[in-house]
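Structure first, commentary second.
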Amino acid sequence: MQNELIIENLKVEIEGKEILHGVNLHIPQGETHLLLGPNGCGKTTLLMTIMGMPQYKVTNGKIIYKGTDITKMTIDQRARLGIGVAFQKPPTIKGVTVSKLLETISGGKHNIDFSKADELNMRNYFDRDINLGFSGGEIKRSEILTLVHQKPDFIMMDEPESGVDIENLKIIGKVAQRLLDKTEDIKIINRKKIGLIITHTGYILDYIEADRAYIMINGNITCHGNAHEIFREIQKHGFNDCANCAQKY
């Protein structure tokens, strides 16, 4: 079974308002794709819809993962199938410690990866409630540590560089590279994981290698291509130029 994602003509609405207007996307096995776009264009809506958040209503199209139509699956079913997400703004969970969450996800305290916790500078946070009083960098490191223990086959990250300083971004990027099979010791042909990284700035490209990038404007994917080339165009001309190009197209 191929570990791939196929999205066909996906339309999504929130509280009766259509946000995504017919998105098509394909992430082949072993590839990591980047989704860029201005704030409010629908990037996070796409991610949340893939994860199965109930407030995002699919009105048309399909989401196919590992050859299975997951469009109507629950969040827990998708997670068990191998989908994991690092949220941009995860909630604070009072009464549940970081260590308890990791134990639950990994199947026991003996399965906690303390070396990864040390690498992410999170060992001293084990007895603290999840995200309670955490800084932006601490929240993002905690999210990555959760993904490490979930061991998903499909990793989604929503603006991992948002609210994070350069030091934390380096740490996050290094661990995320391994999560995505993007290390030199894994040959391209042997890479199984897939990834979808949502970003507004594109700076995560300095730390995570992406195979392809898309630009989303007003709920539509307007173009795609080499991740670095597309980011350079955005740096030169901004998203407004992308919107004008899409209108002409």
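Here are some notes:
- Cα-based reach from K57 at 19 Å (exclusive), listing aspartates and glutamates while leaving out same-chain residues under 8 positions away: E8, E13, E15, E18, D69, D76
- Here is how the number arises for the chain: DSSP H runs of 4 or more residues each give -39500 (n - 2.57), the sum is divided by the residue count, and the result at 222 nm is -10000 deg cm²/dmol.
- Region 84-213: projected area of the alpha-carbon convex hull, averaged over directions, in nm²: 7.8
- Rounded to the nearest 20 debye, the dipole magnitude of the chain is 440 debye, with +1 charges on Lys and Arg beta carbons, -1 on Asp and Glu beta carbons, and the Cα centre as origin.
- Here, the chain has an Rg and a Dmax of 17.8, 58 Å when only alpha carbons are counted.
- A simple count of charges around E138, restricted to other residues whose Cβ falls under 13 Å of its Cβ and scoring Lys, Arg +1 and Asp, Glu -1, yields 0.
- Set the Cα radius of gyration of region 21-63 against 2.2 N^0.38 Å, with N its number of residues, and you get 1.23.
- For the residues G173, G67, G219, a GNM of the chain with alpha-carbon springs under 10 Å puts the largest fluctuation on G67.
- Calculated P(r) of region 30-134 - Cα pairs past 16 Å, %: 70
- Over the C-alpha trace of region 102-161, radius of gyration and Dmax come out as 11.4, 31 angstrom.
- Over all other residues within a Cβ to Cβ distance under 9 Å of V85, the charged ones net out to -2, with Lys and Arg as +1 and Asp and Glu as -1.
- Legend: residue pairs K72/K193; K89/K170; K43/K140; K11/K72; K151/K193, Cα-Cα distance threshold 21 Å; pairs beyond threshold, K72/K193.
- Restricting the GluC sites (Glu not before Pro) of region 180-235 to loop positions (DSSP other than H, G, I, E, B) with no more than 11 neighbouring Cβ atoms within 10 Å leaves E184.
- Within region 169-183: backbone nitrogen closer than 14 Å to the T201 label point (7 Å, Cα to C-beta): 169-173
- Exposed loop sites are taken as trypsin sites (Lys or Arg not before Pro) in a DSSP loop (any state but H, G, I, E or B) with at most 10 other beta carbon atoms within 10 Å; the longest stretch of the chain without one runs 73-186.
- Of the GluC sites (Glu not before Pro) in region 4-41, those whose Cβ has at most 16 other Cβ within 10 Å and which sit in DSSP loop: E15
- Taken over the C-alpha atoms, region 43-89 has Rg and Dmax values of 10.2, 30 angstrom.
Each value in this text was obtained by applying a stated rule to the coordinates, not by laboratory testing. Worth saying up front: this structure is predicted, and the values here are computed from it rather than measured. Cβ sites come from the backbone with ideal geometry, for glycine too, and all protein chains shown count toward neighbours.
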